[in-house]
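Here is the structure we will look at.
The values are calculated or read from the model by the stated rules, or taken from the named source; none is laboratory data. Keep in mind it's a predicted model, so treat the numbers as computed, not measured. Glycine also receives a Cβ, built like all others from the backbone with ideal geometry; neighbour counts cover every protein chain displayed. For the accessible areas, the whole protein counts, side chains as well, though only heavy atoms, and no ligand, DNA or RNA atoms are used. Shrake-Rupley method; radii C 1.70, N 1.55, O 1.52, S 1.80 Å.
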Amino acid sequence: RHVKSPIGLARLVMDVSPHVMLSGQGAEEFALEQGLEPVANRYFVTERRQRELAAALDASAGSFRESLMGTVGAVALDAAGDLAAATSTGGMTAKRWGRVGDSPVIGAGTYAANDCCAVSATGHGEYFIRAAVARDICARVQYTGASLAEAADAVVKGQLAEMGGEGGIIAIDPAGNLSLTFNTAGMYRASIDTRGRVYVAIFGDE
Ligand code: ASP
């Protein structure tokens, strides 16, 4: 509620604590101990998100499409061959207080391991948790010899779509192959390689 950069804090949990995940008040206390300056909770309130919340609370308005627009993910392969994934989200609009989504759950909305791939997801988190999407994609690459694109499509357009789980993922493997795949009409996405070649797209056919 008061940490300006949750990913910066996650990095500190990884680097200077013996733990993998901290939540709630304990996480905030750890942030203060690490010298992160707290921000007022209203720092996170934006007019657009307030409008979306109001629309979501109005039963007559469909809210899910809008709620897909709040998550930011990144995956990277660095010069040393290390893979990394990060996912930052406000979660689903109008969720219940205390609800935990897929983004912080390692193996659901976020996963990285040097021997298979790095994945960051966006979409209806409950389904991503049930299907352990990020880990499942990596496991398919690791154990079945599928390419990253085959594994990601099988999970996102196959299993996840069949369950009714809307969303998509970005992923990269140790060879630098990418998958930016989704089962919705679009997903804001972009990539850049070592030569500076940039790809940017929103809908399916670009
Ligand atoms: N995956 C996020 C969640 O379920 C929502 C999103 O991607 O917009 O919390």
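Mind listing just one residue for me: the one in segment 111-122 that is open to solvent by 20 Å² or more (accessible area, probe 1.4 Å) and not in a loop (DSSP other than H, G, I, E, B) and, of those, farthest from the ligand (Cβ to nearest atom)?
Result: A112.
Would you call T87 at pLDDT 90 or above and hydroxyl-bearing (S, T, Y)? Steps first, answer last, please.
Numbers: at pLDDT 90 or above: yes; hydroxyl-bearing (S, T, Y): yes.
Yes, satisfied.
Among the residues of segment 144-157, is there at least one that is within 12 Å of the ligand (Cβ to nearest atom) and either surrounded by 15 or more Cβ atoms within 10 Å (Cβ to Cβ) or over 30 Å from D58 (Cα atoms) (or both)? Before you say what the answer is, go through the steps one by one.
Let us first name the residues in segment 144-157 that are within 12 Å of the ligand (Cβ to nearest atom), namely none.
No, every residue in segment 144-157 fails to be within 12 Å of the ligand (Cβ to nearest atom) and either surrounded by 15 or more Cβ atoms within 10 Å (Cβ to Cβ) or over 30 Å from D58 (Cα atoms) (or both).
Among the residues of segment 164-206, write down those that are assigned to a strand (DSSP E or B), hydrophobic (A, V, I, L, M, F, W, C) and open to solvent by 40 Å² or more (accessible area, probe 1.4 Å). Explain how you work it out, then say what you get.
Quick first cut of segment 164-206, residues assigned to a strand (DSSP E or B) only: 167-172, 178-182, 186-192, 198-203.
Checking which are hydrophobic (A, V, I, L, M, F, W, C) leaves us with 169-172, 178, 180, 182, 187, 190, 192, 198, 200-203.
L178, L180, A190, I192, V198, V200, I202, F203, listed by residue number.
When you go through E37, E28 one by one, which is the residue that is open to solvent by 60 Å² or more (accessible area, probe 1.4 Å) and of a type in the set (D, E)?
The conditions single out E37.
Kindly evaluate I192 against the criterion of being β-branched (V, I, T), touching a Leu at 6+ places or on another chain (Cβ under 9 Å) and at negative phi. Let's see the steps before the verdict.
Values: β-branched (V, I, T): yes; touching a Leu at 6+ places or on another chain (Cβ under 9 Å): no; at negative phi: yes.
Taking the combined requirement at face value, the residue does not satisfy it.
Being buried (at least 22 other Cβ atoms within 10 Å of the Cβ), within 14 Å of the ligand (Cβ to nearest atom) and assigned to a strand (DSSP E or B) is the filter here; which residues of segment 74-110 pass it?
A85, T87, T110
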